[in-house]
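Here the structure is laid out as structure tokens; the discussion comes afterwards.
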Amino acid sequence: MVLLAAMALVVGIGGVASAFVLVHLIALVTNLAWFGRFSWENAVMSDGAGGWKTIAIPVVGSLIVGLMARFGSDKIRGHGIPEAIETILYGESRLSLKVALLKPISSAISIGSGGPFGAEGPIIMTGGAIGSLFAQRFHLSAAERKTLLVAGAAAGMTGIFGTPVAAVLLAVEVMLFEWKPRSFVPVVLAVLTALALRPLAIGSGAVFPMAAAPGAGPAVLPLAVALGLVAGLFAAFLSVTLYRIEDLFHRLPVHWMWWPAIGAVAVGIGGLIEPRVLGAGYNNIQDLLDGRLVLGAIVLLLLVKGTVWLTALGSGTSGGVLAPLLILGGALGAIAGHWLPGGSGFWALLGMAGVVSAAMRAPLTAAMFAVELTGRIEVLPSAVAAAVAAYAVAVLVLKRSILTEKISRRGRHVLQEYTVDPLALSRAAEIMTPDPKTLGEGMTVADAIAFFQAGAEHRSYPVIDGAGRPVGLASRSDALRWRQADIAAGVTLGEQLSDGSMPIVHPDTPAIEVANLMIAEDIGRVCVVAPADGRLIGIIARRNLLQARASKVREERPAG
């Protein structure tokens, strides 16, 4: 933990540096594409939209991204977060330098040329690549590389949005798949490092500062729950629609390299209808929170932004999901806010929390993210109510989140649930077979071969010395091997097995450590000995471990 914590400080610096680079790359591409100037300053894309270039620029940008994906690395395609999860679970947390370089460039081109995405997915992938690359410079395990990959991803998210608590919660709820000091402490240190450096690289303060929310309070909690239920259904609709659109792209008789350009045509048409839908649209989030949009404009933003985002993302281009989900959730909440007490901005915030929670299956992340983005901590109870209600609906109507569905379509199932391993709750004494049948160390190998040939009851037997201490295990396969080998007559089992490598455990040894020992030693049985004198008191086989897990399964079944 201490070593990884020290490394996480370096990874945190890399995460905020990648955020700085990505933000300025997006600004540069936006200025070049829409205004024809070389500038790193932020620009509002809709101010430069209009006419033929509203369609041409997104198409050209998407063509470039498609070429980069085909001839560079196809890992730059997609949301960013699913790819990071898949690398953690199935790729031993190894990301390449090529991905670290191409992902921010491709995302900057995609977003800067009008792609309706946010920077959070790409920065999570890029920050994760930095953490992974740094870890690969040292002799670390896959689990330790995972910690630094997630630390880099969380640091990058903090650098972009200034949301440290939400970044840590995202790591826990979506990416780490564990809660251990070894992983949790380094991630927090990387996030704090990024937060400390963010004012120098990006700026300070809330990204979307919001005026006081007069609607916050216990009285609105039932309404917040109701909005969360609607947000959960809406998020489920978005997820289902996204993957149906993706299926349609897979049926096209052209190479996937061309899909982003085809999707970009829809983006351009949407930009002609409502220029606000182009790019990340962070200004839309601010307008929704400030209550500056009339009802008609909000409805138009919801419909057009949703359409172009789903189409573009389904085409496989490079971009994130968080910012679009914030806009769509904010629009949903703002529409409801026209009839609910407290103002449309307050309900826009709750809509954001609800839709993000349901889509990503991360209720704590969503609630805290909405609060940290706006700096309105008093809204947290209402945000939690909306987020949890939306989450409850999502898990009832969908098998997977918008993130894990993508991984599932590649033939890999991801369970976003934390449970206690029943083996961690059991001791060796509770699952062992007590007083097992044994063979004496004085038995000759020839007699042992005859014993197994005569039809021994068990596949293997502990071999014990005169004091009842185990010296080894003799099995049917051993007898077959000995029969084929040229072993001198009179050799005993004690002499044949006396290599001193007999794995043993004590009655208080956790069952999960027994399982790990079996894996490490590639054995199917472990002897349990008394701590005082080393005398054999039991044996644990694989079936004993399965029985311990079966008890947990029985607990899930209804009584009676």
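Laboratory data are not the source of any read-out in this text; all were calculated from the coordinates shown. None of the values given here were measured: they were computed from a predicted structure. Positions of Cβ are generated from backbone atoms using ideal geometry, with glycine treated the same way; all protein chains shown enter the neighbour counts.
So the values come out like this:
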quantity: Label corresponding to Rg and Dmax of the Cα atoms in Å when calculated from the structure given, among (1) 29.3, 97; (2) 35.9, 122; (3) 25.3, 86; calculated: (1)
quantity: Order of Phe452, Phe237, Phe346, Phe161 under a 10 Å beta carbon neighbour criterion, fewest first; calculated: Phe237, Phe452, Phe161, Phe346
quantity: Distance-filtered residues of segment 121-159 - backbone nitrogen under 14 Å, label point 7 angstrom along Lys98 Cα→Cβ; calculated: none
quantity: Degrees separating the helix 363-374 axis from the principal Cα axis of the chain, which is the longest one; calculated: 40
quantity: With Cα atoms, 0 to 90° folded angle of helix 53-71 axis to the chain main axis; calculated: 20
quantity: Amide H contacts of Leu439 (H built 1.01 Å from N, under 5 Å, at least 5 apart or other chain); calculated: Val463, Ile464
quantity: Rounded to the nearest 20 debye, dipole of the chain from Cβ charges on Lys, Arg, Asp, Glu; calculated: 1160
quantity: Residue-by-residue Karplus 3J(HN,Hα) for segment 459-468, coefficients 6.51, -1.76, 1.60, Hz, glycine and proline x; calculated: 6, 8, 9, x, 9, 10, 8, x, 8, x
quantity: Cα-based helix-to-principal-axis angle, 259-273 vs the chain, degrees rounded to 10; calculated: 30
quantity: Using θ = phi - 60° and Karplus 6.51 cos²θ - 1.76 cosθ + 1.60, couplings along segment 300-309 (whole Hz; Gly, Pro as x); calculated: 5, 4, 4, 6, 6, 4, x, 5, 5, 5
quantity: Rounded to whole Hz, the Karplus (6.51, -1.76, 1.60) HN-Hα couplings of segment 38-49, x for glycine and proline; calculated: 8, 8, 9, 6, 5, 9, 8, 4, 5, 5, x, 7
quantity: Length-normalised contact order of the chain in % [C-alpha pairs under 8 Å, at least 6 apart]; calculated: 15
quantity: For Gly538, distant residues with modelled amide H under 5 Å away; calculated: Asp435, Val528
quantity: Mean residue ellipticity (222 nm) of the chain, computed from DSSP H runs ≥ 4 via -39,500 (n - 2.57), nearest 500; calculated: -19500 deg cm²/dmol
quantity: Qualifying chymotrypsin sites (Phe, Trp or Tyr not before Pro) for segment 1-95 [loop in DSSP, other Cβ within 10 Å: at most 13]; calculated: Phe38, Trp40, Trp52
quantity: Residues with amide H under 5 Å from that of Thr492, placed H, sequence gap 5 or more; calculated: Val445
